[in-house]
Structures are given as C-alpha cells and as structure tokens.
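Following: one structure in structure tokens, then a few remarks.
The values are calculated or read from the model by the stated rules, or taken from the named source; none is laboratory data. Predicted model only: the values in this text are computed from it and were never measured. Here the Cβ is made from the backbone with ideal geometry for all residues, glycine too, and neighbour counts use every protein chain on show.
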Amino acid sequence: MFDEKEKLFWVKVSLFYFFSIALIGVGIRYSFLSGFFPIEYKNLLHTHSHIGFLGWIYPMLFLLITNSFFTKEQIKKSKYKLQFYITQVLILLMLFSFLYQGYGLFSIIFSSLFQLMTYWFLFTALKNLSQNEKTISSKFTSIALISLFISSLGTWALPIIKVNKFDYFYEMAIYFYLHFQYNGWLSFSLLGLFFKNIENKEINYNLKEARVINTRIYLDGSGERINRELNH
C-alpha cells in the first residue's frame, strides 16, 4: 500500500498518538488530584479513550493487515490508501473536538464518520480475504474483523440508551464494546499477523494446537463458535 518511507512516516504518526494519549493520561491524573486543569476532566477522559483505540491501535492494525494479507492489485482496487488518509483526517479532528467539547456535536459527527470508515475497511478486507487462500492466519483475521463490527454495536447503542434513560445498560454497552475490541479485534488481529509471519517463513506448526488458542480469549460459548469457524 505504501512504500517503506511512507510506512515509516505513518508508524511514527501512530506512535505520536500513542504518546499523546500518554500525556493526556498524565493530565487526567493531575486534574483528578489537583482539581484544576485548563481542559475539563471529562473532555480529557473522552479524548484519551477515543484516541487510544482509534488513533493508535486501529491505524497500526490497518497498516499491518493490508500490507500482510493483500496483493497490490487488491489494495489499489479496494482503495485502502484513500481509506487510510480519510481515517487520519478524522482522527485529528476527533482529537481536537473531544479536547474542546467532550461529547458534543462535532465530536459525535467525526466519531460517527470514523465508524462508517471502519465499516468500509472491514467489509472490503473480508471480501479480499475470502478471495485469497484459506489459512489459519486469514481465519483469525476474519474473526478480528467480524469482532470489530460487533464491537461497534455497543457504540451505536449508547445514544439509544441515553435517550430512553436505560442507565443500567449504559455501562454494559461500554463493556460490550471494550470486550470485542480487546478480546476480539485486537487479540485476533495479532494472532492472525503472528501466524501470517509463520506461514511466510514456512515454519511448520501444529494446526490442532493453533485452533485452541482462542478458547481463553472469548467467553464460554463464543469460543465454541470460533472453533466451528476455524474448522469450517
């Protein structure tokens, strides 16, 4: 998708967001302890959580997955480069809008547009994976992308819960999102990339043992579903 110089640049951009959320984390703790900070505590909190997932983790996995699994023709046809550039613009807009207003009109618009961009990515990526050879790495990555979609349902549920004052379900929706982000999207992406690296180096491994790695990642029942997917 990118040449080596461009890859290095975008990795540095992702690392910039990583250090940004680290500094925001320091600001959160200082604000909590001192009771004073130029930026409102809740704004810092929302910025930290959103840029942590969307500015640091998502772009890195986007780059790694597209460059590891797809051909140059697939990358060009699916417009991954355009997707990535639009995503970067939205991340920057979210960073400033959340710092300025927390959850407000602009931050909600930008984060919603970002969510729609993830749909563009995950559906095109799933399509491209289905066209390629079926390997353990591609199956783990497919599960990661499906988990990314499932996690988004938690974010869309939040305004519905808020409007209808279903306060009990508010935290449940957040935990639902976090669970499928950490234990689905992130974990299975890393597993897919790990096995892709093994496959590229033509290292032999026990396929049966590889299939049971997921059993402690998801909760009971989900692990059985994933095993069926891997055995398909």
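Among the candidates 88, 115, 83, single out the residue that is closer than 15 Å to residue 59 by Cα, polar (S, T, N, Q), assigned by TED's automatic domain parsing to the domain that holds residue 6 and touching a residue at least 60 places away in the same chain (Cβ under 8 Å).
Details: 115 fails: touching a residue at least 60 places away in the same chain (Cβ under 8 Å); 83 fails: touching a residue at least 60 places away in the same chain (Cβ under 8 Å).
The unique qualifying residue is 88.
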### Task
Tell me, yes or no, whether the range 130-147 has at least one residue that is in a helix (DSSP H, G or I) and surrounded by fewer than 16 Cβ atoms within 10 Å (Cβ to Cβ).
yes
### Message
Among the residues that make up the range 9-19, is at least one of them within 28 Å of residue 162 (Cβ to Cβ), outside the structural domain of residue 174 (by TED's automatic domain parsing), buried (at least 17 other Cβ atoms within 10 Å of the Cβ) and in contact with a Leu (Cβ under 6 Å, 6 or more places away or on another chain)?
### Response
no
### Query
Pick from 24, 39, 57: which is within 18 Å of residue 115 (Cα to Cα) and among the β-branched types (Val, Ile, Thr)?
57
### Message
With outside the structural domain of residue 151 (by TED's automatic domain parsing) and crowded, with 20+ Cβ neighbours inside 10 Å as the only criterion, which of 97, 34, 68 stands out?
### Response
97
### Query
Given the residues 98, 149, which is the only one that is among the hydrophobic types (A, V, I, L, M, F, W, C) and more than 29 Å from residue 192 (Cβ to Cβ)?
98
### Top-ranked residue in the range 78-94 [being in contact with a helix residue (DSSP H, G or I) (Cβ under 9 Å, 6 or more places away or on another chain) and over 15 Å from residue 115 (Cα atoms); ranked as surrounded by the most Cβ atoms within 10 Å (Cβ to Cβ)]
80
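Let me confirm something: among 167, 220, which residue is modelled with pLDDT under 80, among the charged types (D, E, K, R) and within 22 Å of residue 155 (Cβ to Cβ)?
Numbers: 220 fails: within 22 Å of residue 155 (Cβ to Cβ).
None of the others qualify; the one that does is 167.
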